[in-house]
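These notes are about the structure you will find just below.
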Amino acid sequence: WILIHQRLDSTVWSPFGWSSYRNGFGSISTAYYWFGLEPIYQLVSAKQYMLKIEVQLTNGLYFVDQYSTFNLKDEAGKYALHTSGWTGTNTDIFDYSLLGCRPDGQKFSTYDNDNDGLLVNCASQNGGGWWF
Ligand SMILES: [Ca+2]
């Protein structure tokens, strides 16, 4: 496995814009870490990868979600996300997100690069970049 994202607390990454999310920030020894959209894209476009998401809640509950297919479009395609082949311990974590939108198929958005399908800027409203 290659660690592409880590979040150990509820820090909001509102200062991080498109170039930060594209290039990556933090490190695996810190509470927040983002490998970078472009490095992830380079990986998944060269070889087939699976995506595994592990979530541990403060009450000790632990969930795993795994996708047999994981792809991103290139930067011109705003790193749109594609996952399929879910298996996991609870329900598909990508079935519901903020506003009930499914991240699969969405373009990536940051406060300074709004690619979500809504009139509002979801990244600004929610603090941080994501496939809104
Ligand atoms: Ca928008």
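The values are calculated or read from the model by the stated rules, or taken from the named source; none is laboratory data. Quick caveat: nothing in here was measured; it's all calculated off a predicted structure. A quick note on method: Cβ atoms are made from the backbone with ideal geometry, for glycine too, and the neighbour counts reach across all protein chains shown.
Some values worked out for this structure:
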item	result
Criterion violated by TRP130 - all others in (1) modelled with pLDDT of 85 or more; (2) more than 13 Å from the ligand (Cβ to nearest atom) satisfied	(2)
Of the criteria (1) surrounded by 14 or more Cβ atoms within 10 Å (Cβ to Cβ); (2) over 21 Å from TYR111 (Cβ atoms); (3) among the charged types (D, E, K, R), which one ARG7 fails	(2)
Failed item in (1) within 12 Å of the ligand (Cβ to nearest atom); (2) surrounded by fewer than 20 Cβ atoms within 10 Å (Cβ to Cβ), with ARG102 passing the rest	(1)
Positions within region 83-119 being more than 19 Å from MET50 (Cα to Cα), among the polar types (S, T, N, Q) and at pLDDT below 90, in sequence order	SER97
Residue in region 34-50 that is on the phi > 0 side of the Ramachandran plot, away from the ligand (no atom under 13 Å from the Cβ) and surrounded by 12 or more Cβ atoms within 10 Å (Cβ to Cβ) present	yes
Cβ-Cβ under 6 Å pairs, at least 6 apart or on other chains, region 116-132 side touching a residue at least 12 places away in the same chain (Cβ under 8 Å), far side surrounded by fewer than 21 Cβ atoms within 10 Å (Cβ to Cβ) and in a helix (DSSP H, G or I)	ASN126/LEU98
